[in-house]
Amino acid sequence: MRGTADFSPSFSCPPVSGPPRDPHPSSARRSAVLEIAHEVGFDLAGLAPLDAPPDALRFERWLDEGRHGTMAYLERARRVTVDPRRQWPTGRSLLVVGFAHSRASIDLAVGERIARYAAGRDYHNVVGKRLQRLRRRLQAEGLVRPGSAFVDATPLLERSHAARAGLGTPSKAANLLDRRFGPWFFLGEIVLETELEPSAPIDVPSCGTCTACIDACPTDAIVAPGEVDATLCISYATIEHAGLVPHELRERTEGWAFGCDVCSEVCPWGSKAPDLAERFGTRPEFEPRDEPGAALAEILEAGRHDDGEAHANRWRGSPLRRPGREGVARNAAVALGTRPSERGRDALLDAVEHDPSPVVRAAAAWALSFGHRADRGVAEALERALSREVDAEAADDMRRSLERRT
């Protein structure tokens with residue numbers, strides 16, 4: 001599980017064919033499946049029936065209300081999301097696993113931050129490879145007939161299924177909470193073409209009357225307990241959404257350049273969870289890379305000479321590759337506006353005049369107008385940039401930034 005909802009395809013495995021041996025009685029088979037999941041290295045494991053998840057109706061209402069923003073793929077996959085049997089007609093059970101990650105804060109520079117799960121290697125690959133090993137073990141043992149395996153790679157309400165499998169309790173921030181790890185873990189799933197008894201309810205944490213996440217959300221994106229409006233969410237704006245971000249949302253991003261952890265940070269279960277290293281020792285795949293230590297100004301400056309290939313190479317194997325060069329540079333510009341500095345000012349002035357992307361130029365113009373209102377040189381630079389801007393949407397955005405400045 002991560003700090004934000006995400007149903008886009010990233011990692012999946014084709015089904016494994018071949019009938020299984022069946023030397024085990026049902027209860028022993030069920031126990032063996034969960035035991036092997038832990039042996040492979042997963043921290044949490046449970047079983048749920050493969051049918052409509054508990055939150056199916058809430059999800060459909062969420063779509064009907066337009067809470068998904070520009071994530072049109074969620075609407076396209078509505079039918080199979082609310083009833084996974086449409087996608088896996090031979091599936092009978094769902095094996096859900098959890099893999100913990102660090103909750104140590106990751107700072108790019110003073111006041112500039114990325115979500116913790118993005119510090120190291122892309123979790124899709126890390127958890128996905130472990131899922132492949134688990135699936136091969138299950139096949140070799142003849143315990144079940146495993147079908148597709150996926151990590152955030154298919155239309156599935158994975159947190160709803162995971163809660164049903166006993167991996168945790170849905171929080172008011174729409175995260176999943178475990179008593180040991182809080183919300184700091186990833187989810188993965190394997191469809192089983194063998195019917196197994198679902199996991200029994202376990203002792204899980206509860207939000208009770210706590211509203212810390214709702215009160216602390218910088219953009220008021222948690223519009224009701226358990227319901228997040230993606231169009232107001234910083235994670236959506238910095239990862240899922242392409243193009244220009246609404247001005248009102250830019251002002252409230254608080255230096256977040258990729259994702260947001262605020263709701264998990266203030267959660268009592270999240271704040272008191274031990275860091276990964278304290279419980280397991282080092283998991284090198286989730287250790288921070290060198291690149292996240294780079295200042296946002298450097299990221300923005302590098303973009304001027306980047307045709308996209310340099311970005312892909314720099315962030316290879318990292319979640320930060322996903323928004324593309326334009327998305328990361330846009331986020332860097334906005335973050336530099338909400339956390340102004342002299343170095344950031346220089347990078348923004350360069351970007352507003354020379355960046356190849358109109359989205360980045362517009363974001364840089366907004367950042368200068370928002371973070372450096374009193375700078376006379378900035379006002380002159382913005383006027384020049386606007387007079388030269390050839391992209392109509394970027395020009396309109398720049399004009400609005402200038403109007404708000406005055």
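Quick one: in segment 209-220, which of the residues that are closer than 19 Å to G270 by Cα and either among the β-branched types (V, I, T) or assigned to a loop (DSSP other than H, G, I, E, B) (or both) is most open to solvent (accessible area, probe 1.4 Å)?
T209
Can you confirm whether A173 is within 24 Å of D83 (Cβ to Cβ) and either part of a loop (DSSP other than H, G, I, E, B) or in contact (Cβ under 8 Å) with a residue 24 or more places away in the chain (or both)?
No, not satisfied.
Identify all residues within segment 182-206 that are within 25 Å of Y123 (Cβ to Cβ) and surrounded by fewer than 21 Cβ atoms within 10 Å (Cβ to Cβ); write none if there are none.
Answer for segment 182-206, where residues must be within 25 Å of Y123 (Cβ to Cβ) and surrounded by fewer than 21 Cβ atoms within 10 Å (Cβ to Cβ): S199, I202, V204, P205.
For L244, all conditions in the list (1) within 28 Å of Y73 (Cα to Cα); (2) modelled with pLDDT under 95; (3) of a type in the set (A, V, I, L, M, F, W, C) hold save one; what is the number of the exception?
(2)
Check off (1) touching a Gly at 6+ places or on another chain (Cβ under 6 Å); (2) part of a loop (DSSP other than H, G, I, E, B); (3) not basic (K, R) for S206 and give me the number that stays unchecked.
With (1) touching a Gly at 6+ places or on another chain (Cβ under 6 Å); (2) part of a loop (DSSP other than H, G, I, E, B); (3) not basic (K, R) applied to S206, the lone miss is (1).
Please count how many residues of segment 221-277 are of a type in the set (A, V, I, L, M), without any contact (Cβ under 8 Å) to a residue 24 or more places away in the chain and in a helix (DSSP H, G or I).
2
So in segment 271-322, with the set limited to residues that are of a type in the set (K, R), modelled with pLDDT of 75 or more and out of contact with any helix residue (DSSP H, G or I) (no Cβ under 8 Å at 6 or more places or on another chain), which one is nearest to D122 (Cα to Cα)?
Across segment 271-322, the extreme among qualifying residues is R316.
This table checks each residue for (1) of a type in the set (G, A, S); (2) over 21 Å from H241 (Cβ atoms).
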position	(1), (2)
P358	no, no
R373	no, yes
A379	yes, yes
D391	no, no
D397	no, no
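Please work out which residue is farthest from the chain's Cα centre (by Cα), limiting yourself to segment 307-336 and to residues that are among the basic types (K, R) and more than 17 Å from A242 (Cβ to Cβ).
The selected residue is R314.
Here are A379, A329: which of them is part of a helix (DSSP H, G or I), buried (at least 23 other Cβ atoms within 10 Å of the Cβ), free of Cβ contacts under 8 Å to residues at least 40 places away in the same chain and touching a Ser or Thr at 6+ places or on another chain (Cβ under 9 Å)?
Answer to the selection: A329.
Scan segment 173-226 for residues that are in contact with a helix residue (DSSP H, G or I) (Cβ under 7 Å, 6 or more places away or on another chain), within 23 Å of A56 (Cα to Cα) and of a type in the set (D, E, K, R) and jot them down.
Those that are in contact with a helix residue (DSSP H, G or I) (Cβ under 7 Å, 6 or more places away or on another chain), within 23 Å of A56 (Cα to Cα) and of a type in the set (D, E, K, R): E189, E197.
The values are calculated or read from the model by the stated rules, or taken from the named source; none is laboratory data. Being a predicted model, the structure only gives us computed values, none of them experimental. Because the Cβ atoms are built from the backbone with ideal geometry, glycine has one as well, and the counts that use them run over all protein chains shown. The protein model used for the area step is the full one, side chains on, heavy atoms only, and it has no ligands, DNA or RNA in it. Shrake-Rupley method; radii C 1.70, N 1.55, O 1.52, S 1.80 Å.
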